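Structure first, then comments.
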Amino acid sequence: MSDTRYIYDYKTHKAALYQVDKYLYAMGGTKPIHWLDKAYGYSYENQIPTLWIDGKYIYGLKPDGTAAGNEPIYYYAD
């Protein structure tokens, strides 16, 4: 059985997502909203890159694959 990892909002420090295997879910959700492949996360719905993972920090990506900002939007607490 896979472990669950929790991902927190960078600004509010509240749990925002949880990860099981390579899939990310909204808290309380049962349908994946992103899937992960190495350092990138993709929208589960349309397969577009949406996230970039740098260690414990997760940054948003624009539809063209460029960074959506300078600070992370999420972080892993572990």
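Please treat every number below as a calculation from the coordinates, not as lab data. What you see is a predicted model; the values in this text were computed from it and never measured. Please note: Cβ atoms are built from the backbone with ideal geometry, for glycine as well, and neighbour counts cover all protein chains shown.
Quick rundown of the values:
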| quantity | calculated |
| --- | --- |
| For segment 4-76, the Rg and Dmax computed from alpha carbons only, in angstrom | 11.3, 30 |
| For segment 57-70, 3J(HN,Hα) per residue [Karplus equation, 6.51 cos²θ - 1.76 cosθ + 1.60, θ = phi - 60°, Hz, x = Gly/Pro] | 9, 10, 10, x, 10, 6, x, 7, x, 8, 4, 8, x, 8 |
| Integer Hz, Karplus 6.51/-1.76/1.60 couplings in order for segment 35-52, x for Gly and Pro | 10, 10, 9, 6, 9, 10, x, 10, 4, 5, 6, 10, 6, 8, x, 10, 9, 10 |
| Set of segment 46-62 residues, backbone N closer than 18 Å to the point 7 Å along the Cα-Cβ line of HIS13 | 56-58 |
| Amide hydrogen neighbours beyond the local backbone of TYR44, cut-off 5 Å, H modeled | HIS34, TRP35 |
| Relative contact order, percent, the chain [alpha-carbon distance under 8 Å, six or more residues apart] | 24 |
| Segment 26-34 - phi-based ³J(HN,Hα) in whole Hz, Karplus 6.51/-1.76/1.60, Gly and Pro as x | 5, 4, x, x, 10, 10, x, 10, 9 |
